[in-house]
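Asks: Here it is, the structure, as structure tokens.
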């Protein structure tokens, strides 16, 4: 091959190589602007070509505190809690109410179970008596052990009076024994035996003899305390008491009927002119018990041996049985108990109450002091049988 031919072949080969190189390298077009590339980026980091789509994840529910198991209606918040007293024993406890330290005696029945709701009975002592005395004379703690209910003995306030022998003067404020003259005039005669006057009531006034401290507030706070620490059936809370304690039990039934299923005042009624009963919206039962020869609280409302006047029992029963309260029959009928005839016990009722309550009066042969007899008496049985039949209707 001559020289000219060789140059032609070489030229052709070079042209072919240039053409192939041009075809293998993409060139920007008019619709694709040049993009500057960071040549300082690591060469092993790929440049993204699209927006990544995260993988589908299973939703995780938000964490929360488990809700506590709700307490059934009628049961106290103390169910399940360790009790503040040993079952079968009596413990003295205290609390502050309106700046005053108030005491009470708590007796849990021997078979108390912190997971099983129990009935609760509040028992109020007489004037010039104590919670300890009342527990001793009534033997109610032993009765509670036998029948499985909780009994609490609240202690009233007291003051010393050097003129009176025999220790401090205790009393309950039922809002009537310190409110004379009442709607029907003075609650005592001019020559009434007037032993002392509580200093917290101010200047002495005629016919007034009991404390002016707020005992209703004490009981409200006490019930709340017991409900928070014990397993109580709140539909089965009851109150009983004797003398001035019975007067205060009347006040509980009239002013706090939503807290009590039934009351059983023994040998005690409100001061003259202060008869009361709960309204028709409250279902609260009453068993009024009186000895037939009670010179301190006569059944017929006549003047007492000391010159005082109290509401007749018939008026109490009429008020509770009226259409404005429990709405019971006008006619009195027998109310049988397991102790009928014991010490001439007889009970009568005003039946068929519209609220479902029971309104009962019981009388036996005896004087005022027979109301304090305890374990070997029939009263604990009669009262408990009455309480056990009557629970709060909601």
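The values are calculated or read from the model by the stated rules, or taken from the named source; none is laboratory data. Everything numeric here is computed off the predicted structure, so don't read it as measured data. In this analysis, Cβ positions are derived from the backbone assuming ideal geometry, glycine residues included, and neighbour counts consider all displayed protein chains.
Asks: Considering only residues that are out of contact with any strand residue (DSSP E or B) (no Cβ under 8 Å at 6 or more places or on another chain) and modelled with pLDDT under 95, which ones fall in segment 342-377? Give the steps one after another, and end with the answer.
Replies: First, pick out the residues of segment 342-377 that are out of contact with any strand residue (DSSP E or B) (no Cβ under 8 Å at 6 or more places or on another chain): 352, 354-356, 369, 373-377.
Correct list: 369, 373, 374, 375, 376, 377.
Asks: Name the one entry in 306, 341 that is surrounded by fewer than 18 Cβ atoms within 10 Å (Cβ to Cβ) and within 30 Å of residue 207 (Cα to Cα). Show your work before the answer.
Replies: Details: 341 fails: within 30 Å of residue 207 (Cα to Cα).
306 is the lone residue from the list that is surrounded by fewer than 18 Cβ atoms within 10 Å (Cβ to Cβ) and within 30 Å of residue 207 (Cα to Cα).
Asks: Further, regarding this structure: Going through segment 356-375 one residue at a time, which ones are buried (at least 20 other Cβ atoms within 10 Å of the Cβ) and part of a loop (DSSP other than H, G, I, E, B)?
Replies: Within segment 356-375, 357, 358 qualify.
Asks: Could I ask something else about it? Look at residue 158 and say whether it is surrounded by fewer than 24 Cβ atoms within 10 Å (Cβ to Cβ) and assigned to a strand (DSSP E or B).
Replies: Answer is yes for this residue.
Asks: Here is a further query. In segment 99-129, what residues are in contact with a helix residue (DSSP H, G or I) (Cβ under 6 Å, 6 or more places away or on another chain), part of a loop (DSSP other than H, G, I, E, B) and farther than 21 Å from residue 266 by Cα?
Replies: Residues satisfying the conditions are 109, 110.
Asks: Here are the criteria: (1) touching a residue at least 12 places away in the same chain (Cβ under 8 Å); (2) over 25 Å from residue 254 (Cα atoms); (3) in a loop (DSSP other than H, G, I, E, B). Tell me which single one residue 343 does not satisfy.
Replies: (3)
Asks: Please tell me if residue 330 is part of a loop (DSSP other than H, G, I, E, B), modelled with pLDDT of 95 or more and loosely packed, with under 15 Cβ neighbours inside 10 Å. Spell out how you get there, then give the answer.
Replies: Details: part of a loop (DSSP other than H, G, I, E, B): yes; modelled with pLDDT of 95 or more: yes; loosely packed, with under 15 Cβ neighbours inside 10 Å: yes.
For residue 330, the condition - part of a loop (DSSP other than H, G, I, E, B), modelled with pLDDT of 95 or more and loosely packed, with under 15 Cβ neighbours inside 10 Å - is met.
Asks: How many residues are buried (at least 20 other Cβ atoms within 10 Å of the Cβ) and assigned to a helix (DSSP H, G or I) when one looks only at segment 223-261?
Replies: Number of matching residues: 13.
Asks: Same structure, new question: Can you list residue pairs whose Cβ atoms sit under 9 Å apart, with the first residue in segment 282-296 being on the phi > 0 side of the Ramachandran plot and buried (at least 24 other Cβ atoms within 10 Å of the Cβ) and the second being at pLDDT below 95 and not in a strand (DSSP E or B)? Count only pairs 6 or more apart in sequence or on different chains.
Replies: Qualifying pairs under 9 Å: none.
Asks: Separate question: Name the residues in segment 262-283 that are over 20 Å from the mean Cα position of the chain (by Cα), part of a loop (DSSP other than H, G, I, E, B) and within 18 Å of residue 238 (Cβ to Cβ), would you?
Replies: Within segment 262-283, 267, 268, 277 meet the criteria.
Asks: Do the conditions hold for residue 211, that is, is it farther than 17 Å from residue 296 by Cα and crowded, with 18+ Cβ neighbours inside 10 Å? First the steps, then the outcome.
Replies: Working: farther than 17 Å from residue 296 by Cα: yes; crowded, with 18+ Cβ neighbours inside 10 Å: yes.
Yes: the conditions hold for residue 211.
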